[in-house]
1. Compute the FRET efficiency between Gln65 and Gln130 as 1/(1 + (r/R0)^6), taking r as their Cβ-Cβ distance and R0 = 22 Å, and round to the nearest 0.05.
2. Once both axes come from the Cα atoms, what is the angle between helix 115-136 and the longest principal axis of the chain, in degrees from 0 to 90, rounded to 10?
3. Name the most mobile residue of Asp163, Asp95, Asp173, meaning the one with the largest mean-square fluctuation, in a Gaussian network model of the chain with Cα contacts below 10 Å.
4. Along each principal axis of its Cα atoms, how long is the chain end to end? Whole angstroms, biggest number first, please.
5. If exposed trypsin sites (Lys or Arg not before Pro) are those in a DSSP loop with at most 14 other Cβ within 10 Å, what is the longest stretch of the chain that has none?
6. For the range 42-132, what is the accessible area per residue in Å² when the probe is 1.4 Å?
7. Add -39500 (n - 2.57) for each DSSP H run of 4 or more in the chain, then divide by its residues: what number comes out at 222 nm, to the nearest 500 deg cm²/dmol?
8. Could you work out how far helix 140-167 tilts from the main Cα principal axis of the chain, as a 0 to 90 degree angle to the nearest 10?
Amino acid sequence: MPPRRRLTPDQRRAELLAAGTQLFAERPYDEVQMDEIAARAGISRALLYRHFPSKRVLFAAIYQQAADTLVSGIELDPAVSLPDQVAAGLDAHFDYFENNRHTVLAANRSLAGDPVVQAIITAELASLQQQMLDTTGLTGASREITAAILLAWLTFVHTLCLDWLENDTITRDQLRATCIGALAGALGAAHESAGDIV
């Protein structure tokens, strides 16, 4: 092992997250060992455990970082109809899912019972829902029905993406078109009679 470099705690944490991110993206969760992550980062296993006491804790930190990046990277424009601008956000998520297939499946399969990881997923969906809802400018009953539709749609997208990653039953283009169509259809049907524009 090469001589350990002097890093601040934040720098060391970032380095460990980067090493873990690479390994969890390369292989299924159960095949990744903490020894490998330490070796990839060029540190001892003991130092790794000082920062992250278990593989689950490290994975949760990696997944939280990814969720924060995805949510913060979405910029919605109130001047554009919601279905028209959702495509960019979908593409960002699809890119991450494709590049980190094992990580996404681990969070939703291997760690489906882990409350910390599931809380990250739930919080990400809620944050996306709120961002999208705020963009509509709706109030009152129209806002409430739109909020319900958006959460249901985000859950639908999440589930369909997992099937895409796990079973390859749909192409990325089909996935994108289906997700956009489902949102446009649901919002259109809900707001048509009220004359809302979403």
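The values are calculated or read from the model by the stated rules, or taken from the named source; none is laboratory data. Nothing here was measured: the structure is a model prediction, and the numbers come from that model. Virtual Cβ from ideal backbone geometry, glycine too; neighbours counted across all protein chains shown. Just so you know, the surface numbers come from the protein's heavy atoms only, side chains and all, with ligands and any DNA or RNA stripped out. Shrake-Rupley method; radii C 1.70, N 1.55, O 1.52, S 1.80 Å.
1. Working: r = 20 Å, r/R0 = 0.91.
The formula returns an efficiency of 0.65 here.
2. Taking Cα atoms only, the helix is inclined about 40 degrees.
3. Its mean-square fluctuation being the largest, the pick is Asp173.
4. 68, 36, 26
5. On the way: sites that count: Arg4, Arg5, Arg6.
The reported range is 7-198.
6. Numbers: 4160 Å² over 91 residues.
Result: 46 Å² of accessible area for each residue.
7. Value at 222 nm, helices only: -24000 deg cm²/dmol.
8. 50 degrees
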